[in-house]
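Each remark here refers to the structure printed beneath this line.
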Amino acid sequence: MKKGAYLLVALLLVACSASQQQMLLTVENPSTFDRQDEIVEMPWTVVKQRFSFTDNSMITVIDNSGQQLPFQLVTNGTDSVQAIIFPVSLNGLEKKTYRIRMGEPHGFSPMVYGRLVPERKDDFAWENNRVAFRVYGPALQATGEISNGMDFWAKKTDSLIIDKWYKNDLSGVASYHQDHGEGLDFYKVGRTLGLGMTAPFYADSLCLGKNFTSAEVLDNGPLRITFKLGYDSYKAGEKTVSETRVISLDAYNQLNKVISVFEADTTELTLATGIVTLKDTPEVVYGDNSGIIAYEVPTDSLNGTIFTGVINPKGFGSIKSSYGHYIGFNSYVPGTEYTYYSGGGWSKSGFADFDEWTNYLKKQKEKIDNPLKITVE
């Protein structure tokens, strides 16, 4: 064989090898409405079947215009990759093609972040490029301030602000309870469920736990933060209950995914997922037993209006406004996962009124019920 022929064969073999080191994906929007910047997820086992990875292997995600997309390899707190996630934007009923290829990815700025904040009495705070939240830890409980509800920080910037706000507040430079151009914390939690946490309900009472006792970050960006909270056991009537929560927040989303597990020596509990309401004020709520509850916090004349909501994909057995909360109730088998979505919006950042907020929740419910379809070609 001539030298040129050898060269041609070698080039063909390289080309064939390179073509095998990629995946072609079709992502389809089953909804009639547009789905913008939605995080799509695929099991890593599917990817591994198409690639010959080494310790130094790197991948990229390419859209149909040839541009790299940000992506994240999700571990869920394990020692191995469990899934790959990346954002897509699709018009109603549209399909688009994406590729996963071997190659060096561009650097991507993180759009989520969270951490334990020991300098502020063990808060755990987290955020994405839309909203921020926090829950309260053991050092705060030691001062006598007890709450296992979720707090909401209203943001009007895509920047990640947790570290900046804490630093400025603790140093006396700028309080995060005042808006200095990026938003503020003006949501009130107290000894309640705050924005959409869950507690056992027994003998006509909410059985609230205390502050978390342990916090473990499972994944921390650039597109999803996931962490696990542990709580000391507490009483629900005569039963002792232990509780863990796994909370995750994706970029662009107003809602956290919450997976709660309650252990108790009984075959059934009643759970109450609630949003704290203000006393002696007109109540603006929306409830749908198919799985949505929402509440409009009375408007602050200076800072605007916070809108809150919860989605339970399996629906609620009943909904009631009482016990200082707007509550969705469900029967629950101890030891199983209780999964729902909880979050908020702000009149100064994307939501003009309560109708816009409830329409957002309805679309999010449809997205949960009808996930984007991925086909591997």
Handout entry: Unique residue being part of a helix (DSSP H, G or I) and crowded, with 19+ Cβ neighbours inside 10 Å when the list is Trp153, Trp165
Key = Trp165
Handout entry: Looking only at the stretch 18-42, and only at residues there that are under 21 Å from the mean Cα position of the chain (by Cα) and open to solvent by 70 Å² or more (accessible area, probe 1.4 Å), the one that is nearest to Asn129 (Cα to Cα)
Key = Gln36
Fill in the blank from the handout: Taking the stretch 115-147 and keeping only residues that are among the small types (Gly, Ala, Ser) and either closer than 13 Å to Ile161 by Cβ or surrounded by fewer than 20 Cβ atoms within 10 Å (Cβ to Cβ) (or both), one is left with Ala125, Ala132, Ala139, Ala142, Gly144
Handout entry: Condition met for Glu238 (open to solvent by 40 Å² or more (accessible area, probe 1.4 Å), at pLDDT below 95, of a type in the set (Asp, Glu) and farther than 17 Å from Asp151 by Cα)
Key = yes
Practice task
State all residues of the stretch 236-261 that are free of Cβ contacts under 8 Å to residues at least 60 places away in the same chain and among the acidic types (Asp, Glu); if no residue qualifies, say none.
Solution key: Glu238, Glu243
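Criterion first (part of a strand (DSSP E or B) and under 30 Å from Leu24 (Cα atoms)) does Ile374 satisfy it?
Numbers: part of a strand (DSSP E or B): yes; under 30 Å from Leu24 (Cα atoms): yes.
Taking the combined requirement at face value, the residue satisfies it.
For the stretch 26-50, which residues satisfy the criterion of being of a type in the set (A, V, I, L, M, F, W, C) and either at pLDDT below 95 or in a helix (DSSP H, G or I) (or both)?
Narrowing the stretch 26-50 to residues of a type in the set (A, V, I, L, M, F, W, C): 27, 33, 39-40, 42, 44, 46-47.
Result: Trp44, Val46, Val47.
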Practice task
Of all residues in the stretch 191-208, count the ones that are at pLDDT below 95 and either open to solvent by less than 10 Å² (accessible area, probe 1.4 Å) or assigned to a loop (DSSP other than H, G, I, E, B) (or both).
Solution key: 2
Practice task
Select, from Glu356, Glu377, Glu366, Glu337, the only residue that is closer than 30 Å to Glu182 by Cβ and either surrounded by fewer than 18 Cβ atoms within 10 Å (Cβ to Cβ) or free of Cβ contacts under 8 Å to residues at least 24 places away in the same chain (or both).
Solution key: Glu356
Exercise for the section: Could you please find all residues in the stretch 215-243 being part of a strand (DSSP E or B) and farther than 30 Å from Phe108 by Cα? Expected result: Gly230, Tyr231, Asp232, Ser233, Tyr234, Lys235, Ala236, Lys239, Thr240, Val241, Ser242, Glu243
Practice task
Could you tell me which numbered condition Gly291 fails, if it satisfies all but one of (1) surrounded by fewer than 17 Cβ atoms within 10 Å (Cβ to Cβ); (2) in contact with a Pro (Cβ under 7 Å, 6 or more places away or on another chain); (3) in contact (Cβ under 8 Å) with a residue 40 or more places away in the chain?
Solution key: (1)
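Where residues in the stretch 241-257 are of a type in the set (D, E, K, R) and closer than 30 Å to Leu69 by Cβ, which of them is least open to solvent (accessible area, probe 1.4 Å)? Can you show your working first?
We begin by selecting, within the stretch 241-257, every residue of a type in the set (D, E, K, R); these are 243, 245, 250, 257.
Subset that is closer than 30 Å to Leu69 by Cβ: 250, 257.
On the way: Asp250: 29, Lys257: 76 Å².
Of everything passing the filter in the stretch 241-257, Asp250 is least open to solvent (accessible area, probe 1.4 Å).
Scan the stretch 324-332 and give yes if some residue there is more than 23 Å from Val135 (Cβ to Cβ), open to solvent by 50 Å² or more (accessible area, probe 1.4 Å) and in a strand (DSSP E or B), otherwise no. So that I can check it myself, show each step before the final result.
Residues of the stretch 324-332 more than 23 Å from Val135 (Cβ to Cβ): 331.
When the remaining residues are screened for being open to solvent by 50 Å² or more (accessible area, probe 1.4 Å), the result is 331.
Filter again for in a strand (DSSP E or B), leaving 331.
Within the stretch 324-332, one or more residues are more than 23 Å from Val135 (Cβ to Cβ), open to solvent by 50 Å² or more (accessible area, probe 1.4 Å) and in a strand (DSSP E or B).
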Problem - Where Val112 falls short, out of the listed (1) open to solvent by 30 Å² or more (accessible area, probe 1.4 Å); (2) in contact with a strand residue (DSSP E or B) (Cβ under 7 Å, 6 or more places away or on another chain) - result: (1)
Exercise for the section: Within the stretch 169-190, track down each residue that is part of a helix (DSSP H, G or I) and not acidic (Asp, Glu). Expected result: Leu170, Ser171
Handout entry: Residue in the stretch 78-109 that is nearest to Ser57 (Cα to Cα), counting only those that are open to solvent by less than 70 Å² (accessible area, probe 1.4 Å) and in a loop (DSSP other than H, G, I, E, B)
Key = Gly103
Exercise for the section: Scan Ser214, Ser233 and give me the residue that is without any contact (Cβ under 8 Å) to a residue 12 or more places away in the chain, open to solvent by 20 Å² or more (accessible area, probe 1.4 Å) and among the hydroxyl-bearing types (Ser, Thr, Tyr). Expected result: Ser233
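The values are calculated or read from the model by the stated rules, or taken from the named source; none is laboratory data. Computed from a predicted model, the values in this text were never measured in an experiment. All Cβ positions, glycine included, derive from the backbone under ideal geometry; neighbour counts span all protein chains shown. Keep in mind that these areas ignore ligands, DNA and RNA; they rest on the heavy atoms of the full protein, side chains included. Shrake-Rupley method; radii C 1.70, N 1.55, O 1.52, S 1.80 Å.
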